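Data block below; observations after.
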Amino acid sequence: MSAVNDNNFNSAVFLLTGIPGQEDVHLWISIPFCLMYVISIVGNSVILFIIKTDPSLHEPMYIFLSMLAVTDLALSIATIPTILGIFLFNSREISFDACLAQLFFIHLLQCIESSVLLLMAFDRFVAICNPLRYASILTLLRIAKMGLVCVLRGVAVIIPLPLLLKRFRYCRANVLSYSYCLHQDIMKLACSDITVNSIYGLSGSLLINGLDSLLIFLSYVMIIKTVLSVASPAECLRALNTCVSHLCVVLIFYTPEISLTVIHRFGNSSSHLLPILLGYIYLLVPPPLNPVVYSVKSKHLCARIIRVFIK
């Protein structure tokens, strides 16, 4: 495939990459990816069905969980089919416009997931630090407004990325480093000055993931401070136990994301396998794992799921 070096961006084609050096076992590698896809679709769909059909679960905590499930479903649909196409059928070609569309949805959904995790931290903060006002603060109308703000914030921050990429000429090799399209990966193929894209991408990441993770950390500092000051050891453990599932999901989401950012900015460019593996973990592990974590840790939700499958 020739390099992309003309002005007709709509006809340009990029080549996606699986795991370099492991082409002989791509078929076997596709098995865990298929498994994660099925678990993500089934797990998040079951979570949404249970929350929708059970009135006792129409509470802020479970509404936020349903937002997380919708985001994870969309993220799986936006990424895994393309990845499976590479590993199962060696279907590596993707058009420039399709690549920009996938890039937009991947980054947007990651921003929304970060925002939803922040809302879930806020839910735990209010429930533990101000329980008497919990129902009056987290009303359904206010929750809907917060969800809308999360989406609009993500769209406002992410929509310039494909627009900035579309104005470039691409005169380098058209082979991408991943099995999906990312902003930082595509912009490296441009033969124009990418300073604006690099600065904007880093600023957007700090504005969304950096700010959200900082606020989540501060919320848990306040939670721990409140619990230690007013509760007995047994009550302290009981209160913190309600936060365990959210903390696990936060670590699953932010740990590979922060590691990948550090490697991209400061890592050794000669090591390509580690960022590729972290990229798969970053995008593919949270969607199937989040419903499992919440189902195991929430006895109420777990009981409803068991009841559905027993019926």
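The values are calculated or read from the model by the stated rules, or taken from the named source; none is laboratory data. The model shown is predicted, which means the values in this text are computed figures rather than measured ones. Don't worry about glycine lacking a Cβ; one is built from the backbone with ideal geometry, like all the others, and counts go over all protein chains shown. Side chains included, ligands, DNA and RNA excluded: accessible areas come from the protein's heavy atoms. Shrake-Rupley method; radii C 1.70, N 1.55, O 1.52, S 1.80 Å.
Using the alpha-carbon centroid of each, what span in Å lies between the stretch 285-300 and the stretch 112-130? One Cα centre to the other: 17 Å. Ordered from longest to shortest, the equivalent ellipsoid semi-axes for the stretch 1-127 are 35, 19, 12 Å, each the square root of 5 times a Cα gyration tensor eigenvalue. Of the peptides 128-139, 98-109, the order by per-residue mean of other Cβ atoms within 10 Å, starting with the highest, comes out as 98-109, 128-139. A straight Cα-to-Cα reach below 24 Å connects K299 with the lysines K52, K311, residues fewer than 8 places away in its own chain not being considered.
Between 0 and 90 degrees, the angle of helix 244-266 with respect to the longest Cα principal axis of the chain falls at about 30 degrees. The residues of the chain present an accessible area of 50 Å² per residue when probed at 1.4 Å with all protein chains retained. Annotation: Cα Rg of the chain relative to the compact-globule expectation 2.2 N^0.38 Å equals 1.08. The translational diffusion coefficient of the stretch 33-93, from Stokes-Einstein at 37 °C and 0.692 mPa s with a Kirkwood hydrodynamic radius over alpha carbon pairs, comes to 258 µm²/s.
For the chain, take the longest principal axis of its alpha carbons; what is the angle in degrees between that and the long axis of helix 273-284, to the nearest 10 within 0 to 90? Between helix and principal axis, roughly 50 degrees. Each peptide among 64-74, 173-183, 80-90 gets the average number of other Cβ atoms lying within 10 Å of its residues, and from highest to lowest they stand as 64-74, 173-183, 80-90. Counting only protein heavy atoms and a probe of 1.4 Å, the accessible surface of the stretch 181-311 is 73% carbon and sulfur.
Other residues whose C-beta falls under 13 angstrom from the C-beta of S219 contribute a net charge of 0, scoring Lys and Arg +1 and Asp and Glu -1. Here is the P(r) of the stretch 66-207: all C-alpha pair distances, binned every 5 Å from 0, give 2, 9, 16, 18, 16, 13, 10, 7, 5, 3, 2, 0, 0 in whole percents.
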